[in-house]
Amino acid sequence: MESKFKRTLVTCALPYANGPVHIGHLAGVYVPADIYVRYLRMRGEDVLYICGSDEHGVPITIKAKKEGVTPQDIVDRYHRIIKDAFTGLGINFDIYSRTSSDVHERNASAFFRRLYDEGKFITKESEQYYDTEAKTFLADRYITGTCPKCGNPGAYGDQCEKCGSTLSPEELIDPKSALSGSAPIKKKTTHWYLPLDKYEPWLREWILESHKEWKTNVYGQCKSWLDGGLQPRAVSRDLDWGVPVPVEGAEGKVLYVWFDAPIGYISNTQELLPQSWEKWWKSEDTRLVHFIGKDNIVFHCIVFPSMLKADGGYILPDNVPANEFLNLEGDKISTSRGWAVWAHEYLRDFPGQQDVLRYVLCANAPETKDNDFTWKDFQQRNNSELVAVLGNFVNRAVVLTGKYFGGLVPEDLGSEAIDAETLAQILPCRKALEQYMETFHFREALKEAMNIARIGNKYISDTEPWKVAKTDMNRTASILRTCLQICADLAIAFEPFLPFTAEKLRGILRVGINAGKDHRSGEGAPTVNFYAPSEACALHTGEAASQDIVLGWDDLGRSDLLPAGHALGEPVLLFSKIEDAPIQAQIDKLAAIKAARQAAEAAKAAEEAARKVEPAKDEISFDDFARMDIRTATVLAAERVPKTDKLLKLTIDTGLDTRTIVSGIAEYYSPEDMVGKQICILANLAPRAIRGIVSQGMILMAKQGDGKMRFITPAEVVANGAVIS
């Protein structure tokens, strides 16, 4: 792969440290980025891999207030959970830092100050929502109300999570403060803005003319924003958590998180490489690639480049390969609703199966449209693809070699045309794999890697070495030799996708892999990952066991990767079948979450309905009211009216007489509930025949907004016939 660049800087969207990462984050950003970085390093590219926690912004302060802790407590907790989850899945950044670091605060402040001193910002006074009880301006997420588009009563000031609409606080119906619950007022405040409209002509040229190779979804969203006309965007916020605005008169203001967070890429690079960071950010020899989700396209393609352009000293992104969203079991992943598969919980529930998740998320990646993750598909892909294709082929090849040749790679003693023809199929797979990798089509690239395993499976099934061994060991030797060469190809091809599996396979084959340069030490030392002799060489000692074979990407497709006589290690299974029980446990877990959510939504809807008050009726005179004879009474007997669902026949003592009243309350009260109950009645209502029963009066009831009826009863027991006035 020829390139005009000497090095590649890969950044991943900084995960927000108010919760763990889930499979949507992994599929959209982190798994594809890790695949790409591993691939480039195997190709000999000098790559720097940067990420870290985004630790400022309103959602963190909201979570802290709810839990009664500090924002620092929240970010400390989730920074560790997120970082450990990445490591557990083999996503090994050169640095995973955080925007609450001292390095970042200094760097973000300096970045703002440079643009401020050069007059790159404008100031604007505007009216924003203010909570008079909490005595603070409200960021968009601190404002809730009814969505004007779908009627969701729990929409936020920036988004409705039910319908996905982007909103502004002014659009909400009946807005409320999330802090106090009171209705906010509008109050004037002053902030600094980046005038994106001034950069619109340059952005049109840079994106729409110079980067037509960007993914369709990225290019299309950028064009839509530009065609709609860009507006100045605030770079400061009234908040007490974040990087303070470093100018006089900015007390109580911090850098807006969208301005603050992307500078974190630069800060993290400075933290790792304090002496040489500039070559990664300021040299035209460096290629910058941002891996993000589609909700971050505008920030990384329009806003952050405008910031970098305003500064003038930084390179711009060469590509921004954003993915679409991954859904879960047919429903949108939502952290607020708990509808997610969390990375750290997956690692706990499926120990040792990190690569299964990596495989499924890549094979089902939402590269061009939203896609769906289901546990049944996860199980099926593991059992029918990883176990039955990749694992099955490797296991058969290695076990048969151990059985017939003592675990040593056999010589080519009885070759036939099918051997060379089969090996010749590997190189086209490699070329296709490379083409897909370099254009960020990782799902298709994975298919090509799996095609190599399918080629091997077909070959060993067609040649049947277990049968040939009964009559022709020379031919058996050539068959298994060919199979083992394909196994070595698989160790190379799957290294970017399934690093734990590739490492296990290298242990079986007793080979190393040239993994490129690793900057985690702060330097760029070449790294070669070898098998672990203490584990992989248990069967063999002596000269054969001391051979060191190091494979690189350029070896993929060669026919002589493993020399005759090379000793293999212990055959171990690469994958194990996933049974129904753990899958059903995950499905049941999600079902419980959905049921609890539906119950909570139903209860909330009922509460909202119950609070609805019917409008007042027309005005009446006191004389009209005085004509109503409202008295207390006690129910003596009650029975259902035959052939009806709603009617009860009540015998009551009014203090004046004993009479019958027919009332439509059977759906709320049983006859047993009514006997002995003291009630209020309208005693002088004209008698009326209902289902052949003369009803002499009306029971007074309160009807809620949800339609439920409740009795009006005296607060204290009084004599029957007492007049209510």
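Surface composition of the chain: carbon and sulfur atoms hold 50% of the protein heavy-atom accessible area at a 1.4 Å probe. Basic side chains Lys and Arg get +1 at the Cβ, acidic Asp and Glu get -1 at the Cβ, and with that the dipole of the chain about its Cα centre reaches some 1320 debye. Charge dipole (Cα centre; +1 on Lys/Arg Cβ, -1 on Asp/Glu Cβ; no other charges) of the stretch 1-136 amounts to roughly 380 debye.
Across the protein chains, with a 1.4 Å probe defining accessible surface, the residues Lys708, Lys612 rank Lys612, Lys708 from largest area downward. Loop-located trypsin sites (Lys or Arg not before Pro) in the stretch 159-225 (DSSP state not H, G, I, E or B) with no more than 13 neighbouring Cβ atoms inside 10 Å: Lys212. For Trp202, the shell of other residues with beta-carbons less than 13 Å away shows a net charge of -1, using +1 for Lys and Arg and -1 for Asp and Glu. Counting every C-alpha pair in the stretch 151-281, the share spaced more than 21 angstrom apart comes to 65%. Relative contact order, percent, of the chain when contacts are C-alpha pairs under 8 Å separated by at least 6 residues? The value is 12 percent. Bridging of Lys649 to lysines at a Cα separation below 29 Å is possible for Lys677, Lys703, Lys708, once same-chain residues fewer than 8 apart are set aside. Taken per residue, the accessible surface of the stretch 408-470 reaches 48 Å², heavy atoms only and a 1.4 Å probe. At an R0 of 56 angstrom, the distance between the Cβ atoms of Ala420 and Glu278 translates into a FRET efficiency of 0.65.
The Cα atoms of the chain define a convex hull whose projected area, averaged across directions, is 44.9 nm². Charges were assigned to the Cβ only: +1 to each Lys and Arg, -1 to each Asp and Glu. The resulting dipole of the stretch 219-354 about its Cα centre is roughly 240 debye.
A straight line joining the Cα centroids of the stretch 671-725 and the stretch 542-603 runs 70 Å.
The GluC sites (Glu not before Pro) found in the stretch 208-277 that occupy coil by DSSP, while having at most 16 further C-beta atoms within 10 Å, are Glu213, Glu248, Glu251.
The stretch 204-262 and the stretch 298-355 have their alpha-carbon centroids 17 Å apart. Lys and Arg at +1, Asp and Glu at -1: add these up for the other residues within a Cβ distance under 13 Å of Pro71 and post the number. Result for the local shell: -1. Other residues lying with their Cβ under 14 Å from the Cβ of Ser283 contribute a combined charge of +1, Lys and Arg counting +1, Asp and Glu -1. For the stretch 1-54, the convex hull spanned by the alpha carbon atoms encloses 77 Å³ per residue.
Averaging sequence separations of C-alpha pairs under 8 Å and six or more residues apart, then dividing by the length of the stretch 182-277, give the relative contact order as a whole percent. Let's see the in-between values first.
Working: 80 pairs, mean separation 22.7, N = 96.
With pairs under 8 Å counted, the relative contact order is 24 percent.
Between the stretch 428-484 and the stretch 75-134, how many Å separate their Cα centres? The distance from the Cα centre of the stretch 428-484 to that of the stretch 75-134 comes to 48 Å. Over all distinct Cα-Cα pairs of the stretch 624-669, the Kirkwood formula returns a hydrodynamic radius of 11.8 Å.
Annotation: peptides 140-148, 126-134, ranked by per-residue average of other Cβ atoms within 10 Å with the highest first, follow the order 140-148, 126-134.
The values are calculated or read from the model by the stated rules, or taken from the named source; none is laboratory data. Here the structure is a predicted model, which means the values were calculated and not measured. When we count neighbours, we look across all protein chains shown, and the Cβ atoms used for this are built from the backbone with ideal geometry, even at glycine. All accessible areas refer to the heavy atoms of the entire protein, side chains included, with ligands and DNA or RNA removed. Shrake-Rupley method; radii C 1.70, N 1.55, O 1.52, S 1.80 Å.
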